[in-house]
Structure formats: structure tokens, C-alpha cells
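The values are calculated or read from the model by the stated rules, or taken from the named source; none is laboratory data. Quick caveat: nothing in here was measured; it's all calculated off a predicted structure. Note: ideal-geometry Cβ built from the backbone for every residue, glycine included; neighbour counts use all protein chains shown. Ligands, DNA and RNA are excluded from the accessible area calculation, which covers all protein heavy atoms including side chains. Shrake-Rupley method; radii C 1.70, N 1.55, O 1.52, S 1.80 Å.
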Amino acid sequence: MVPARCPGSCAMLALVLLLGCGVALCLGQNDTEPIVLEGKCLVVCDSNPSSDGAVTSSLGISVRSAGAKVAFSAVRGTNHEPSEMSNTSMTIYFDQVLVNIGNHFDLKASVFQAPRRGIYSFSFHVVKVYNRQTIQVNLMQNDYPVISAFAGDQDVTREAASNGVLLMVEREDRVYLKLERGTLMGGWKYSTFSGFLVFPL
């Protein structure tokens with residue numbers, strides 16, 4: 001069903017798009033707040049359409065994927081000495097991907113790049129092993145630290161620096177972990193880094 005508020009030409013094009021995408025029902029509360037109840041496409045009649053990855057026509061119709069999902073989770077499965085990390089950037093690297101929906105986490109670089117603007121959730125758990133010095137881990141957004149976590153207990157063989165946050169992220173923003181202080185001598189096996197899109201903006 002096409003919202004009655006759409007102009008005639010807009011309504012006809014929206015109907016064609018809906019049928020082509022296999023949408024069973026699409027109801028709009030107003031011109032800019034559509035509700036998708038079922039189907040694979042979302043048609044938005046908007047006089048000021050956004051350009052956050054949607055396909056937009058000259059009539060102000062934005063077509064977005066209703067099933068677009070973004071999530072990743074990476075883990076460190078082996079131990080390596082700090083010399084095998086980047087000594088210039090001190091990015092904390094991971095070697096296994098458990099989840100990478102949308103393929104927006106680059107395992108080799110261990111960097112997540114946002115596919116669209118939105119609110120994202122990030123969390124990390126970096127383990128230090130047999131290390132009597134304090135480590136500081138920063139969550140970086142475009143080379144700027146957002147949050148930090150510390151681990152510095154002298155009396156344990158394993159300890160983790162953990163933290164989590166909700167962030168407003170712009171399209172193509174890069175998010176990664178950086179070792180700001182200390183070393184990971186002995187490795188960082190079992191460390192994790194995860195994130196997902198909560199909702200788009």
C-alpha cells in the first residue's frame with residue numbers, strides 16, 4: 001500500500017518499486033517516517049531525501065534495503081610478540097573473524113569502516129599475559145581516541161582491559177584499537193573486538 005500523502009507520480013513510481021522488490025506491506029505515518037512491516041525494500045516519499053547510501057530519484061523517493069545489517073566480532077587466537085605489531089601505529093591486530101556481516105571489518109588492518117551514518121555499539125577486551133606493567137588501550141575513531149581501558153594488576157598472570165561505548169559514526173569513519181601505553185609482551189590471545197549498527201541516521 002502506498003501512503004496517500006505521496007504525489008500522484010510519486011505514488012505510481014513507489015508502487016512499481018514496491019512490486020519489483022516484493023514488498024507485501026508498507027505504511028507511512030507521515031512523509032518522512034515510513035514503517036516497513038514486511039519485505040525487502042523501503043520506499044520513502046521525502047521532499048528532502050538523504051544520501052546515506054540510499055538510491056534516490058528526482059521525485060524524492062529513497063529506496064533503502066530494509067534488511068541491511070552491520071556487525072563484526074574479531075578475536076586473537078594466537079600469541080605474538082610486539083615486534084610483529086606495527087611499531088608506528090601500535091594498532092592491536094586480530095587474526096580471526098567470528099562475525100563479519102556486511103564485510104566492513106578489514107581483518108588484515110583490524111579496522112572497521114562504517115558503511116553508513118548511524119549509532120554503533122563497540123566493545124573490546126584486550127588481554128595482557130605475564131606482564132607486570134600497565135597497559136592502556138584506546139578505541140580510536142578516525143585516529144582520535146574516544147574511550148580508554150587500563151590493566152595494571154601486578155599480581156595476576158592474565159588481566160584484561162575492557163570497555164564499551166555507543167558512538168555516532170559517519171559513513172566511512174574508521175574505528176580500531178590502539179595500544180597507547182605499555183606492551184603486550186607474551187601476546188594478547190583471547191582478546192576480542194566487536195561492534196554493530198544499532199540504528200541508521
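Per-structure values
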quantity: Above-threshold pairs, the threshold being 19 Å between Cα atoms, out of LYS108/LYS128; LYS69/LYS189; LYS69/LYS108; LYS108/LYS178; calculated: LYS108/LYS128; LYS69/LYS189; LYS69/LYS108
quantity: Length released on extending from ARG158 to ALA68, taking residue separation times 0.36 nm less the Cα-Cα span; calculated: 28.6 nm
quantity: Cα centroid separation - the stretch 104-179 against the stretch 180-201, whole Å; calculated: 4 Å
quantity: Solvent-accessible surface ranking, highest first, for SER162, SER194 at 1.4 angstrom; calculated: SER162, SER194
quantity: Label-reachable residues, the stretch 180-201, where backbone N falls under 16 Å from a point 7 Å from ASP95's Cα toward its Cβ; calculated: 184-193
quantity: For the stretch 87-149, the Rg and Dmax computed from alpha carbons only, in angstrom; calculated: 13.3, 41
